[in-house]
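The values are calculated or read from the model by the stated rules, or taken from the named source; none is laboratory data. Since this is a predicted model, take the numbers as computed values, not measurements. With ligands, DNA and RNA removed, areas are computed over all heavy atoms of the protein, side chains included. Shrake-Rupley method; radii C 1.70, N 1.55, O 1.52, S 1.80 Å.
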Amino acid sequence: LLHGQVATTWTKTTNPNRIIVVSDRVAHDDLRKQMIEQAAPPGVRAHVVPINKMIQVAKDPRFGNTKALLLFETPQDALRAIEGGVDIKELNIGSMAHSVGKVVVNKAIAMDQDDVETLEKIKELGVTFDVRKVPADSKENMDSLLKKAKNELK
C-alpha cells in the first residue's frame, strides 16, 4: 500500500502532512503496519487505522487542519469509509491486483463483480475517480473500465 510510487510521486503531488492507511486487515497485521509506518517519506507521518476509527476521527474537529492522503486496500473499504461519513470527493484508483475471478481492464486494474458494484455505488455517492497509477500517467475513464469489466464478467 505504501511503496516507492506512493511515497514519492503521490506525496509530492498531493503534499499531505499525514498518510493514513485505512484497512481493518492491515491494522490487525503488526508486521505490515510496522513496514508501512517505516516507509513514510521524510516529513510525513504514516498511520494505519481500522475503517471505523477513520470514520470517528474524520468527524473530530481536532483533526480539521490535517491534510491526509488516505490509502485503501480495496474499493469495499473505501465505500465503507465514505458511507460512514469520511468526506472523500475524489478517489484515485491506481492499481487493483489480479486474482481468481477478476478480469483485467487495464495494465494495473483487475475487477470482479463485487468491485464493479462497489465502484458504481461510490460513483452514485458523488465521488469522482482519478484513474492512473502515478501522477505522470494519463487519466483513464472509469466508466469505460467498468463497462469493459461488466462485458467480460458476463
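A few notes on this one:
- Of the cross-linked pairs K12/K154; K67/K133; K53/K147; K59/K150, those separated by over 32 Å at the C-alpha level are K12/K154; K53/K147; K59/K150.
- Residue-normalised accessible area of segment 1-86, given per residue in Å² at a 1.4 Å probe: 57 Å²
- 25 °C / 0.890 mPa s Stokes-Einstein diffusion coefficient of segment 32-71, Kirkwood radius on C-alpha pairs, µm²/s: 216 µm²/s
- To put it simply, the accessible area of the chain at a 1.4 Å probe is 50 percent carbon and sulfur.
- The chain: calculated mean residue ellipticity at 222 nm from DSSP helix runs of at least 4, using -39500 (n - 2.57): -10500 deg cm²/dmol
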